[in-house]
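What follows is a single structure, written as structure tokens, with notes after it.
The values are calculated or read from the model by the stated rules, or taken from the named source; none is laboratory data. Being a predicted model, the structure only gives us computed values, none of them experimental. We place every Cβ from the backbone using ideal geometry, glycine too, and count neighbours over all the protein chains shown. These accessible areas exclude ligands, DNA and RNA; they are computed on the full protein's heavy atoms, side chains included. Shrake-Rupley method; radii C 1.70, N 1.55, O 1.52, S 1.80 Å.
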Amino acid sequence: MSSVATKMEPEALKAVVAGLTQALAETSVTTMKAQNYHWNVQGMAFGSLHELFQQIYEDHFAGQDDLAERVRALGSLATGRYDAFLKLSKVEEGDGRLDDKAMIADLRDAQTTVAGTLAALAEASAEAGDPLTEDLAIERGRIHEKFAWLLDAHLQG
Ligand SMILES: [Fe+2]
């Protein structure tokens, strides 16, 4: 177990690992949602949406890795099963039959949900005396909030 983890109270460590796992689950479901929409989007804005959804799933794929590897650094097993992700995640799977605007709104809402989970994780990490997880949660949260804004901008005007 890492030196950070051994210095943490067991209950605080548990809360941080649970928060990381929640964020991992929601990031994973959102990755698949963005890829689903990348594949199935249609309409006049096909090109830019196809690209934006790809940018999102590529970012989230890398984000999953950072979250899972932080769980490992804290000495716990990283969840790597879709059934567990779907049980934990407050983000639901995407529907490729949605129209372009509904896809954008659904993906925006997913970004907001993941950002909320990461904000709670940042708080739990700060309380636990784990600035490295706090930093990761803040960094990932900022990215999800940026994507929420980018997506929402498509629905205005
Ligand atoms: Fe592609």
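Got a sec? Which residues in the range 49-84 would a label at T6 touch, if it sits 7 Å along Cα→Cβ and we count backbone N under 16 Å? Only 73-76 pass the distance filter. Of all the accessible heavy-atom surface of the range 8-155, with the other protein chains kept in place and a 1.4 Å probe, what percent is carbon and sulfur? Exposed carbon and sulfur together represent 53 percent of the surface. Here the spin labels are modelled as points 7 Å beyond Cα on the Cα-Cβ line, and at A73 and E127 they lie 2.2 nm apart. Scanning the chain for DSSP H helices at least 24 Å long along the axis (C-alpha atoms) with a Kyte-Doolittle mean no lower than 0.0 picks out 100-128.
Assuming charge only on the beta carbon of Lys and Arg (+1) and of Asp and Glu (-1), the dipole of the range 8-155 about its Cα centre is about 260 debye to the nearest 20.
In the elastic network of the chain, a GNM with C-alpha springs shorter than 10 Å, the most mobile of L13, L118, L24 is L13. Between the listed residues H38, W149, L52, the Cα displaced farthest toward the positive end of the dipole of the chain, a dipole computed from Cβ unit charges relative to the Cα centre, is found at H38. Taking all protein chains as shown and a probe of 1.4 angstrom, I138 keeps an accessible surface of around 80 Å². For the range 16-72, the normalised intensity computed at q = 0.15, 0.28, 0.29 Å⁻¹ comes to -0.46, -0.99, -1.04 (log10 of I(q)/I(0), Debye sum over alpha carbons, equal scatterers, no solvent). Legend: calculated FRET efficiency, D95 to S48, from the Cβ-Cβ distance at R0 = 25 Å, rounded to 0.05, equals 0.75.
Taking only the Cα atoms of the range 47-157, the ratio Rg/Rh comes out at 1.00, with Rh defined as the Kirkwood radius. In the chain the longest region clear of trypsin sites (Lys or Arg not before Pro) that are loop-assigned by DSSP and have at most 15 other C-beta atoms within 10 Å covers 1-80. Its Cα gyration tensor gives the range 94-144 an equivalent ellipsoid; the semi-axes, largest first and in whole Å, are 30, 8, 7.
GNM on the chain, alpha-carbon springs under 10 angstrom: the most fluctuating residue among A34, A25, A78 is A78.
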